[in-house]
Amino acid sequence: MIFSGPIYTPLYNLSSTSGLEKMKEMGIPVIDFDELNGEERSKTMDLLHQACEKWGFFQVENHGIDKQLMEKVKQLINKYYEENLKERFYKSEMAKSLEQDITSEKDWESSFFIWHRPTSNIEDIPNLSDDLRITMNEYIPQLIKMAEKLSELMCENLDLKKGYIKDAFSAGKGPSVGTKVAKYPQCPQPELVRGLREHTDAGGIILLLQDDQVPGLEFFKDGEWVAIPPSKNNRIFVNIGDQVEVLSNGRYKSVLHRVMADKNGSRLSIATFYNPAGDAIISPAPRLLYPNHVRFQDYLKFYATTKFSDKGRRFESLKQIA
């Protein structure tokens, strides 16, 4: 059930709007893949549709990804950060600037990007252990399978053919897949900096394996920032990217989000992007477009014979006529 919870205000507002922002914690839609195979399928599909239309983000449980593998991914990424990135981050010019109480327009994050498909760069990233490479190469195919399942469910809800999103993303080569690995280090003055500034994601379907202890991720909904709690039980957090909004003709929403720096801990974020291929041309699915280039007098003539029939069918017929 979706519900509204307590509202609180942050200590300091770094956004372009003036005054203190309201912050809302609320129940986030949770899609249970186990319920897609029984009596709850219709209810679950409707919840997914509402999540994509009205929220732009949701959580998935019982997703089929090996939970021990997920834990190992997080463990090895945290180890890599501690051994290779942490010291360098705190010696950076940005970190030093906060010691002088200077507000930063940069992001308080330590990150790198792993490409998986169509080609991989995992062998080129310095100091990655063989254990981490092998573990990521086991994890990513399971995540891609989940992304493709979600894309098919979205197609079903949008009344598109089963593989429409995957085909649109492929451009004959298959979708592009990559992972942004980020740590948002413990910050001595979080009121002076964002972990990651406000943005929407450029791509398609984003699947996030995030910290189970440290908060910080926030999404903008209904004029307020929604605090996303740390993930429990290895749920996968999903959000919609710009290309799905385009392909769905605005039915499904790509939503502003950000990461707040935290004074009490470092937050882990492993975000895998299921994106169109670089040369894929993304446009609204024709089935989701309204009729266009129809003269009003022609519409009235058609309307006179279809007034008491289904509007959706009338629009589909007009698209064929046009």
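The values are calculated or read from the model by the stated rules, or taken from the named source; none is laboratory data. Since the model is a prediction, treat every value here as computed from it, not as a measurement. A quick note on method: Cβ atoms are made from the backbone with ideal geometry, for glycine too, and the neighbour counts reach across all protein chains shown. What goes into the accessible areas is simple: the full protein's heavy atoms, side chains included, and nothing from ligands, DNA or RNA. Shrake-Rupley method; radii C 1.70, N 1.55, O 1.52, S 1.80 Å.
What number of lysine-lysine pairs in segment 124-239 show an alpha-carbon separation below 30 angstrom, given a sequence spacing of 8 or more or placement on distinct chains? So the count of such lysine pairs works out to 29. Residues considered: N239, N121, N37. Largest GNM mean-square fluctuation over the chain, using C-alpha springs under 10 Å, is found at N37.
Hey, how much of the P(r) for segment 213-322 falls beyond 24 Å, as a percent of Cα pairs? Intermediate results must be reported in sequence, preceding the final value.
Values: 3129 of 5995 pairs.
Roughly 52 percent, once rounded to a whole number.
Between segment 206-268 and segment 286-301, how far is it from one alpha carbon centroid to the other, in angstrom? After rounding, the separation between the Cα centres reads 38 Å.
Between N121 and D212, the contour length at 0.36 nm per residue exceeds the Cα-Cα span by 30.0 nm. Estimated at the nearest 10 Å², the accessible area of S42 is 90 Å² with a 1.4 Å probe.
Restricting segment 211-258 to trypsin sites (Lys or Arg not before Pro) that sit in a DSSP loop and have at most 15 other Cβ atoms within 10 Å of their own Cβ leaves K232. For R194, nonlocal amide neighbours, meaning residues 5 or more places apart or on other chains whose placed amide H falls under 5 Å from its own, are W108. Whole-Hz Karplus values for segment 34-40 come out as 4, 7, 7, 10, x, 5, 8 Hz, taken residue by residue from phi with 6.51 cos²θ - 1.76 cosθ + 1.60 and θ = phi - 60°; glycine and proline positions read x.
Segment 53-109 and segment 136-166 have Cα centres spaced 25 Å apart. Measuring r between the beta carbons of E191 and Q75 and using R0 = 45 Å, the FRET efficiency lands at 0.90. Counting other Cβ atoms within 10 Å, which GluC sites (Glu not before Pro) in segment 79-167 have at most 13 and lie in a DSSP loop? Sparse-neighbourhood loop GluC sites (Glu not before Pro): E99, E105.
Test of understanding: what is the full-extension gain from N137 to Q68, defined as 0.36 nm times their sequence separation minus their Cα-Cα distance?
Numbers: separation 69, 0.36 × 69 = 24.84 nm, distance 1.45 nm.
Answer, rounded to one decimal: 23.4 nm.
Net charge within 15 Å of H116 by Cβ-Cβ distance, Lys/Arg positive one each and Asp/Glu negative one each, not counting H116 itself? Cβ neighbours under 15 Å give a net charge of +1. Among F237, F220, F302, the sequence by solvent-accessible area, most first, with a 1.4 Å probe is F220, F302, F237. Just checking the listed ones, Q75, Q210, Q297: in the Gaussian network model of the chain with Cα springs under 10 Å, the one fluctuating most is Q297. The distance between label points at E83 and S309 comes to 6.8 nm (points 7 Å beyond Cα on the Cα→Cβ vector).
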